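Laboratory data are not the source of any read-out in this text; all were calculated from the coordinates shown. Keep in mind the model is a prediction, meaning the values are calculated, not measured. Backbone-built Cβ (ideal geometry, glycine too); neighbour counts: all protein chains shown.
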Amino acid sequence: QVQLVESGGGLVQAGGSLRLSCAASGSIFSINAMNWYRQAPGKQRDLVARITRSGSTNYADSVKGRFTISRDNAKNTVYLQMNSLEPEDTGVYYCKVEGVVLEYWGQGTQVTVSS
């Protein structure tokens, strides 16, 4: 079994910052890419940021220059630093971890940005 524990969500005013964390534990032998997705109310779940094991990153156009994804391979943890938050960033943020064969999702953490 693999467990993903997310933390760091909350309520913040527009222009503020939050840092999300997602720690993987359990029977996971090798982690490849780690991802953050966002699901706004009534919308589909979309990729926000992705980081490979070697550290290569890519971002959704809407968050480029504001969000930074990083990872600590020794801790099997991925982070998402979110700056200059906008009300449009509101949603449930999910981490997804890609193993050798399977992929695993976190339970989600709510981020609410007030105007």
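Given the peptides 73-79, 41-47, 98-104, arrange them by the average over their residues of other C-beta atoms within 10 Å, most packed first.
Final packing ranking: 73-79, 98-104, 41-47.
Might you report the magnitude of the Cβ-based charge dipole of the chain about its Cα centre, with Lys and Arg at +1 and Asp and Glu at -1, to the nearest 20 debye?
The calculated dipole for the chain is roughly 160 debye.
If you find the alpha carbon centre of the stretch 67-104 and of the stretch 3-33, how far apart are they in angstrom?
5 Å
Which one, 89, 61, 72, has the greatest fluctuation when you compute a Gaussian network model over the chain with C-alpha springs under 10 angstrom?
Most flexible of the set in this elastic network: 61.
Can you work out the Karplus-derived ³J(HN,Hα) for every residue in the stretch 10-21? Use 6.51 cos²θ - 1.76 cosθ + 1.60 with θ = phi - 60°, whole Hz, and x for glycine or proline.
x, 9, 9, 7, 3, x, x, 9, 9, 10, 9, 10
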